[in-house]
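Worksheet for the structure shown next.
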Amino acid sequence: MGFRFCQQYNRRPEFRKLCDTIRTHFQQSQKYSQQMYSVNFQLPETQALHLETRLVQLDTAIAMELWQEAFKAVEDIHAFTTISKKTPRPQQLASYYSKVALVFWKAGNYVFHATTVLKLYVLHREQKKNITHAELSRLSTKALLSILSIPLPTPRTQIDEHLETEETTNEKQKRLTSLLSLQQIPTRASLIRDMIKQGVLNFVYPELKNMYEWLEVEFNPLKLSKKMEESIDFIEKLAQPEYSQYMPALRDVTVVRLLQQISQVYRTIELKRFIDLAPAIDKHRLEKIIVNAAKNNDVQVRIEHKAKALTFGTDLNLSTGQPSDNQMASKSSVLQKMPNEQIRNQLMAISRSVYASMEIINEKGNKERNDKLKQDIARTYYRDEVNQRKEILRRRELIERYKEEKETESRNKLREREIVSRHQEDERVKEDENRRKAEQARRKAEAALEREKEEHRLNMKIAIDKLRESEIGRRIVELIGDEELFKYDPDSLNSLHIDAVIKHSREQKEKLKVQYKKVDYFVRALHEAEVPLISQLSETESQRRREIQQSERENAIERRERLKRMEDDKSAFLQSIRGQRHEDFMAKKKEFEQRLSVVRQQRLEQI
């Protein structure tokens, strides 16, 4: 996540700090590896996670173009694999070599870039069983181009030329060699030999098979650039970025090789003629290549600007030293010795000639001297034979005695080592027992702590579920969150709930007070607004009521006048009804009184 964040937002300082932190943690883990709870880098899970982290770190550094951090990541991966003593899986190793090759290419270290590409080719060929011919052709072509594009001689930056001594350069080369698990520092010549040994030329594109022959074997300065340009044009037509990156370096190597071959044939050549023979390259770049070749004593050449020509091998006092590794590997650059090289060996040739002449002149005297010397040797041998035999026997006895003493000493040392080993084994067993007991105690403590955590989590789950039963509790859960609530204890959660309830009640009261006041003002405003309306409504209602009453009175008077004509009939009807009802009443009264007297008489009799 940290690497992805730094890459997404281009946080380069933070990425460097993160890499330094990881590196520091790893070093601290190594420093305290003997402690009880230290990290065990021998565990497969630990190795896999650490290696995966370093590979992601390397990927991120390459994506962010932080090549210094990428190289540090490569060193970290090598240090980790050295400590863990475990070879990564072939897939991881192939990915690692691809990234290391890119880092070396960006650093301008063409030799180690080519070495890594060749190791990648060998790894695929040996480990990948179902490798296709197209993939094998791609890898072999890249290996061929990377090796042939190694400059002649290997260039150095201006900073390296001023700051690096031969000792620091060798130390740097050995350091890079160890990163690739090599025994010797690779060179262009050794890489070419390894390339031929691994059969790289058998799988490259047919159009590129002759590139090695023309550049390293054949001697034909007039056709060298033309043949190389044909191969370079074919590579450019492939439109593969992994091939195209080698084109400028291949042209530079072609120029240096052309310069070496021409120096074997010509003493002076016109600059225009040389440009025609050279590959298509900028004139300033061409001049820089010539100057660098002369500066490194790779070719004794001088640019005569006045004569517009190149002059070769004119300084007889110049010593080019031993032939370089590249020149020894290349058969195409040496046709004959240069004049300065012939001068360097002239004194030895004269000495050999003088010695041979003396042997021929004094042949008879030399024969007599040799015969006398043989006789003297024979007499000396026979005279000292007995003494020499005794000396030999004495030496043999001394040797035997010395062997016996050494064997006794060896047995004693072996016995002491066994005692020390047993003691160390006992100490180790005790340490293992103590470590086991401590580990057992730690596990018990962790189990107890885990049970306590589980019990706490269960209690908190019950408390949270109970808290969800109320509206306020649900609001607390939504506000704080389940995971944060599990960090509380039940008492704290209960106190939190009570505080929330009190706060909610207080807030509700405050809200009600405000609401009451608002309603008060609103009702008062309504009353003030409805007074004129009520007055108007009252007047309207009074007027309507008066009109209704007046209408009802008029209707009642009219009805009275209408019913007034039936008053006599009503009186007669009522009179008849009253008379009939009175007679019935009197009859029933009389009957009642008779029953009453009978009942009374019966009661009296009972008494």
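Would you mention how many residues in the stretch 45-63 are at pLDDT below 80 and in contact with a Lys or Arg (Cβ under 8 Å, 6 or more places away or on another chain)?
Within the stretch 45-63, residues that are at pLDDT below 80 and in contact with a Lys or Arg (Cβ under 8 Å, 6 or more places away or on another chain) number 1.
Being assigned to a helix (DSSP H, G or I), in contact with a Lys or Arg (Cβ under 8 Å, 6 or more places away or on another chain) and either at pLDDT 85 or above or on the phi > 0 side of the Ramachandran plot (or both) narrows it down to one of L145, L136, so name that one.
Numbers: L145 fails: in contact with a Lys or Arg (Cβ under 8 Å, 6 or more places away or on another chain).
Within the list L145, L136, the selection yields L136.
Testing E218 on (1) in contact (Cβ under 8 Å) with a residue 60 or more places away in the chain; (2) under 29 Å from A307 (Cα atoms); (3) out of contact with any helix residue (DSSP H, G or I) (no Cβ under 6 Å at 6 or more places or on another chain), one condition comes back false. Which one is that?
(2)
Looking at (1) modelled with pLDDT under 80; (2) within 30 Å of I196 (Cα to Cα); (3) in a helix (DSSP H, G or I), which is the only condition L118 fails?
With respect to (1) modelled with pLDDT under 80; (2) within 30 Å of I196 (Cα to Cα); (3) in a helix (DSSP H, G or I), L118 is out only on (1).
Just checking, which of N412, N387 is surrounded by 10 or more Cβ atoms within 10 Å (Cβ to Cβ) and either at negative phi or of a type outside the set (F, W, Y) (or both)? Outline the logic, then answer.
Numbers: N387 fails: surrounded by 10 or more Cβ atoms within 10 Å (Cβ to Cβ).
Going through N412, N387 in turn, the sole match is N412.
Output the number of the condition that H504 fails; it satisfies all remaining conditions of (1) surrounded by 10 or more Cβ atoms within 10 Å (Cβ to Cβ); (2) farther than 30 Å from A463 by Cα; (3) not aromatic (F, W, Y).
Tallying (1) surrounded by 10 or more Cβ atoms within 10 Å (Cβ to Cβ); (2) farther than 30 Å from A463 by Cα; (3) not aromatic (F, W, Y), H504 fails exactly one: (2).
Looking for whichever is loosely packed, with under 10 Cβ neighbours inside 10 Å and among the charged types (D, E, K, R) here; the options are E561, E591, E547. Which one fits?
Numbers: E591 fails: loosely packed, with under 10 Cβ neighbours inside 10 Å; E547 fails: loosely packed, with under 10 Cβ neighbours inside 10 Å.
Result of the check over E561, E591, E547: E561.
For the stretch 171-211, name all the residues that are part of a helix (DSSP H, G or I) and either of a type in the set (G, A, S) or over 17 Å from T115 (Cα atoms) (or both).
Step one: of the stretch 171-211, the residues part of a helix (DSSP H, G or I) are 171-179, 188-197, 200-202, 206-211.
Correct list: E171, S178, A189, S190, N202, P206, E207, L208, K209, N210, M211.
Can Q158 be described as under 24 Å from W105 (Cβ atoms) and modelled with pLDDT of 85 or more?
The answer is no for Q158.
Going by the structure shown, is Y110 crowded, with 20+ Cβ neighbours inside 10 Å, modelled with pLDDT under 85, touching a Pro at 6+ places or on another chain (Cβ under 9 Å) and under 19 Å from Q68 (Cβ atoms)?
Working: crowded, with 20+ Cβ neighbours inside 10 Å: yes; modelled with pLDDT under 85: no; touching a Pro at 6+ places or on another chain (Cβ under 9 Å): yes; under 19 Å from Q68 (Cβ atoms): yes.
Answer is no for this residue.
Do we have K517 as under 60 Å from the mean Cα position of the chain (by Cα), assigned to a helix (DSSP H, G or I), at pLDDT 85 or above and not polar (S, T, N, Q) here?
Working: under 60 Å from the mean Cα position of the chain (by Cα): no; assigned to a helix (DSSP H, G or I): yes; at pLDDT 85 or above: yes; not polar (S, T, N, Q): yes.
Here the answer is no, as K517 does not meet what is asked.
Residue-wise test of (1) of a type in the set (K, R); (2) within 18 Å of I150 (Cα to Cα); (3) out of contact with any Asp or Glu (no Cβ under 9 Å at 6 or more places or on another chain); (4) buried (at least 21 other Cβ atoms within 10 Å of the Cβ).
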position	(1), (2), (3), (4)
L222	no, no, yes, no
K226	yes, no, yes, no
E229	no, yes, yes, no
I232	no, yes, yes, yes
I262	no, no, yes, yes
I269	no, no, yes, no
D282	no, no, yes, no
R285	yes, yes, no, no
K306	yes, no, yes, no
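Where the second residue is among the charged types (D, E, K, R) and the first is more than 19 Å from Q47 (Cβ to Cβ) and lies in the stretch 12-33, which pairs have Cβ atoms under 8 Å and are six or more apart or on separate chains?
F15/E69; R16/E69; C19/E69; C19/K72
Condition first: loosely packed, with under 13 Cβ neighbours inside 10 Å, within 55 Å of the chain's Cα centre (by Cα), modelled with pLDDT of 80 or more and not acidic (D, E). Can you find one or more residues in the stretch 329-340 that meet it?
No, the stretch 329-340 has no match at all.
The values are calculated or read from the model by the stated rules, or taken from the named source; none is laboratory data. Computed from a prediction, not measured in an experiment: that's the story for all the values here. Please note: Cβ atoms are built from the backbone with ideal geometry, for glycine as well, and neighbour counts cover all protein chains shown.
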